[in-house]
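Structure record follows, encoded as structure tokens.
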Amino acid sequence: MSTEEIFARLDRVLPLLLSRLAHQTRVPGLGPAAMATLRKLKLSGTCTVSELAEWMGVTSATVTGITNKLVSQNLIQRWREESDRRVVRLKLTTEGSEMLSHVERLRREKTSRILIKLQEEDLRKLADILERLVIAIES
């Protein structure tokens, strides 16, 4: 199978899967960028506005707009570094962490309902391929 055929299949399945999961686990008032921000903060613990902007591929001003809403909803905390007041750091609040855990639980349940339709051997192959894909992406 050519890389073009694989790309076509990925191009079909990834948006479909992500769309279904996003639709079924939507949080009122929070769009995809806000959810990505919360997930990033969960993974990193804390990060700066600049780091988050680079990771998301957007400007710091865009991140500031996203984080303003999250701060007002008490989902993240924002503060300035004492050593350099220009640096703004972010982290999840307890409320943000709990809300994200709930959404992730829903996503796992929805994903399980999809994956249970596959044979055990197919699931093993898929897990192996996904792990190798992560390694290839990160290298």
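Take the Cα of THR64, step 7 Å toward its Cβ, do the same at HIS23, and the gap between the two points is 3.7 nm.
Counting other beta carbons within 10 Å of each residue's own, what order do ASP122, ASP84 fall into, fewest first? Before the final figure, lay out each step's value.
Working: ASP122 11, ASP84 8.
Sorted ascending by nearby Cβ count, the order is ASP84, ASP122.
The slack in the chain from LEU14 to LYS42, taken as 0.36 nm per residue of separation less the alpha-carbon distance, amounts to 7.8 nm. In this structure, the amide hydrogen of VAL87, modeled 1.01 Å from its nitrogen in the peptide plane, lies closer than 5 angstrom to those of GLU81, counting only residues at least 5 positions away or on a different chain.
With axes computed from alpha carbons, what is the tilt in degrees of helix 60-72 against the longest principal axis of the chain, rounded to the nearest 10 within 0 to 90? Helix 60-72 sits roughly 80 degrees off the main axis of the chain. All other residues whose Cβ lies under 14 angstrom from that of ARG132 are scored, Lys and Arg at +1 and Asp and Glu at -1, for a net of -1. Between LYS91 and MET1, the C-beta separation translates, for a Förster distance of 35 Å, into a calculated FRET efficiency of about 0.20. When MET35, MET1 are sorted by how many other C-beta atoms sit within 10 angstrom of their C-beta, beginning with the fewest, the order is MET1, MET35. Helices in the chain, meaning DSSP H runs of at least 4 residues, each add -39500 (n - 2.57). Divided by all residues, the mean residue ellipticity at 222 nm is -23000 deg cm²/dmol. Phi angles across the range 28-34 convert, under the Karplus curve 6.51 cos²θ - 1.76 cosθ + 1.60 with θ = phi - 60°, into 3J(HN,Hα) values of x, x, 10, x, x, 5, 5 Hz, Gly and Pro given as x. Each listed q (0.13 Å⁻¹) maps to a log10 I(q)/I(0) for the chain, found by the Debye formula over equal Cα scatterers with no solvent: -0.72.
Here GLU121 and TRP55 are evaluated by their C-beta separation; at R0 = 35 Å the FRET efficiency comes out at 0.45. Using the Karplus relation 6.51 cos²θ - 1.76 cosθ + 1.60 with θ = phi - 60°, the per-residue 3J(HN,Hα) values for the range 76-91 come to 9, 10, 10, 8, 9, 5, 5, 6, 8, 5, 6, 8, 10, 9, 10, 7 Hz, with x marking Gly and Pro.
The numbers here are math on the coordinates, done by the rules we state, and not lab data. Not measured: the values here are computed from a predicted model. Every residue, glycine as well, gets a Cβ built from its backbone with ideal geometry; the counts of neighbours run over all protein chains shown.
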